[in-house]
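Below is one structure; the comments refer to it alone.
The values are calculated or read from the model by the stated rules, or taken from the named source; none is laboratory data. Every value quoted in this text rests on a predicted model; they were computed, and no experiment measured them. Positions of Cβ are generated from backbone atoms using ideal geometry, with glycine treated the same way; all protein chains shown enter the neighbour counts.
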Amino acid sequence: MSFLQKLLFSSILAILFAFNAQAAKPTLTVYTYDSFTSDWGPGPKVKEAFEKQCNCTLELVGLEDG
């Protein structure tokens, strides 16, 4: 391969990796009590609003009440 072909190939790979990294949404994991994450608790509404605000994925993990 010539120098220009290597340069073109490297440039295309760099662009593809850059777009792939931007497309991935970050995930925030929050550990909380069970009643917060249940369907009747505030968790689902808070999760939806937070995900809209920060453009990320919020993962709520319910733990036993302490």
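Worth pointing out:
- The set of residues from the range 47-66 being touching a residue at least 12 places away in the same chain (Cβ under 8 Å) and aliphatic (A, V, I, L, M) comprises LEU58, LEU60, VAL61, LEU63.
- Look at the range 23-39: where a residue is farther than 13 Å from CYS56 by Cα and of a type in the set (Gly, Ala, Ser) and a partner is in a loop (DSSP other than H, G, I, E, B) and modelled with pLDDT of 85 or more, sitting 6+ places away or on another chain with Cβ atoms under 8 Å, you get SER35/GLY41.
- Each residue in the range 22-42 was checked for being under 10 Å from the mean Cα position of the chain (by Cα) and in a loop (DSSP other than H, G, I, E, B), and 3 of them qualify.
- Inspection of the range 8-16 finds no residue satisfying the criterion of being loosely packed, with under 11 Cβ neighbours inside 10 Å, at pLDDT below 80 and either touching a strand residue (DSSP E or B) at 6+ places or on another chain (Cβ under 7 Å) or on the phi > 0 side of the Ramachandran plot (or both).
- Residue within the range 44-59 that is among the aliphatic types (A, V, I, L, M), at pLDDT below 90 and outside any strand (DSSP E or B) present: no
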